[in-house]
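Participant: Encoded as C-alpha cells, here's the structure I'll be asking about.
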Amino acid sequence: MPRQARERSRSGIYHLILRGINKQTIFENDEDRQKFIETLGYYKMVSNYMLYGYCLMDNHIHLLIRENEESISQVIKRISSSYVYWYNQKYERCGHLFQERFKSEVIETDAYFLMALRYIHQNPIKAGIVKDIRKYLWSSYHEYTGTPSIINIDFALDMFSEDRKKAAALFKDHAKEKNSDTCLDYEERLHVSDKEVVEYLKELGIVTISELQRLKREQRDDVIRKMKEHKGVTLRQLERVTGISKSVIDRT
C-alpha cells in the first residue's frame, strides 16, 4: 500500500516528532543533546526555517517549525542526517538512528499553535521526568523566559501582548497551566521511567546503548534477562530504550 501523502500546512507551520528507530534512545548524554541543538541552529541558517519550539527527550524530539524556501521534509532530512553522521562516528556504530518517516501535524490557528507549544514544553512533566517546567534544561522554554538563541520568540509572544514584559508573564502562566492537551501524543504510561532503565543498565556495566548492541550474543542476552526481571520494566520499554527488537527480547 503506498504511503499517504503528508498533509500540507497552509501556514507552513508544523508540530513534528522525530523518534528513534524501534523507539531507541537517541541521546546518551548532554553532549549529544547540545550537539543536536547546535545542528538545529546551523541548519536554521542554511534552510532559513523559523523555529518556535523544541523539546529533546531521551528517545524522541518535538519541534515546532515553519518551512520557508525548503519543504519540511528537506529540512528534517538535513538535520537528522547531520546528527546521525556525528552520532555514528562518536559511538562507532552504523545505520539508521531515526525512524524513516517523522510524524507531523499542521498548525493553522493561533490557538492551536499555543497549545502545541505548551504541550511541547510540558512533555517532560507528562513523562514524569520533572515536576516543574523550569527544571528541564533541554526545551525551548528557557529561550522564551531568558535570552533566545535559536528560537524565534516574537511570533508566540506577540500573541499574548505587544508589551514584551506583559507577554513574557502571560506566556509563563500559559506554559504552566494544567491541561489535557494531546497533540501528537503517543507515549506509553510506564511503571518505571526510561531514565531508571538506563540507570539500571549502568549498574550492570552498560554505559551506552551502543555498547549493549555490540556485545556478543550470549553477553547481550544475559543483560536482557536481568533487565526483564527488573520490576516494572516492560518489553516494549526495553525495545525502545535498547533498540533491540521485541521479538529478540521476548525469546531471550
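Just so you know, all these numbers are worked out from the coordinates, no wet-lab data involved. Keep in mind the model is a prediction, meaning the values are calculated, not measured. Here Cβ is always computed from backbone atoms with ideal geometry, including for glycine, and neighbour counts include all displayed protein chains.
Participant: For segment 132-138, what does the Karplus curve 6.51 cos²θ - 1.76 cosθ + 1.60, with θ = phi - 60°, yield as ³J(HN,Hα) per residue in whole Hz, taken in order and with x for Gly and Pro?
Facilitator: 10, 4, 6, 7, 8, 7, 10
Participant: With the chain treated as a Gaussian network of Cα nodes joined by springs under 10 Å, which of 111, 127, 175 yields the largest mean-square fluctuation?
Facilitator: Looking only at 111, 127, 175, the biggest GNM fluctuation is shown by 111.
Participant: Please give me, ordered by residue number, the trypsin sites (Lys or Arg not before Pro) of segment 1-82 that lie in loop per DSSP and have at most 15 other Cβ atoms within 10 Å.
Facilitator: In loop regions of segment 1-82 (DSSP not H, G, I, E or B), the sparsely surrounded trypsin sites (Lys or Arg not before Pro) are 3, 8, 10.
Participant: Check cross-link reach from residue 103 to the lysines: straight Cα distance under 18 Å, and skip same-chain residues fewer than eight apart.
Facilitator: 23, 77
Participant: Let me have the 222 nm mean residue ellipticity of the chain computed from DSSP H runs of 4+ only, each contributing -39500 (n - 2.57), with the sum over all residues rounded to the nearest 500. Walk me through the intermediate numbers first.
Facilitator: Details: 11 runs with 122 residues, N = 252.
Using -39500 (n - 2.57) per qualifying helix, the result is -14500 deg cm²/dmol.
Participant: Please identify the GluC sites (Glu not before Pro) of segment 1-85 that satisfy two criteria: DSSP loop assignment and at most 13 other Cβ atoms within 10 Å. Which are they?
Facilitator: Filter output for segment 1-85: 7, 69.
Participant: Here's something else I'd like to know. Report the GluC sites (Glu not before Pro) located in segment 142-237 that are in a DSSP loop and have at most 16 other Cβ atoms inside 10 Å of their Cβ, or state none.
Facilitator: Qualifying residues, ordered by number: 162, 177, 187, 188.
Participant: Which of 49, 36, 97 sits farthest toward the positive end of the charge dipole of the chain, with +1 on the Cβ of Lys and Arg and -1 on the Cβ of Asp and Glu?
Facilitator: Toward the positive end, the furthest listed residue is 97.
Participant: Filter the cross-link list 44/166; 135/228; 131/176; 44/195 down to pairs whose alpha-carbon distance in this structure exceeds 21 Å.
Facilitator: Long pairs (Cα-Cα over 21 Å): 44/166; 135/228; 44/195.
Participant: Along the charge dipole of the chain, pointing to its positive end and built from +1/-1 on Cβ of Lys, Arg, Asp and Glu, which listed residue (157, 238, 12) has its Cα farthest out?
Facilitator: My answer, from the dipole projection, is 238.
Participant: In degrees between 0 and 90, to the nearest 10, how far off the longest principal axis of the chain does helix 110-126 point, with axes built from Cα atoms?
Facilitator: Relative to the chain, helix 110-126 is tipped by roughly 30 degrees.
Participant: If you don't mind, another one. Working from Cα positions, state the angle (0 to 90°, nearest 10) between the long axis of helix 72-91 and the longest principal axis of the chain.
Facilitator: Result, in degrees: 40.
Participant: Let me ask something additional. Just to confirm the number: angle between the C-alpha axis of helix 194-203 and the first principal axis of the chain, 0 to 90 degrees, nearest 10?
Facilitator: Approximately 40 degrees, to the nearest 10.
Participant: Something else about it: Can you work out the Karplus-derived ³J(HN,Hα) for every residue in segment 43-55? Use 6.51 cos²θ - 1.76 cosθ + 1.60 with θ = phi - 60°, whole Hz, and x for glycine or proline.
Facilitator: 6, 5, 6, 6, 9, 6, 8, 9, 10, 9, x, 8, 8
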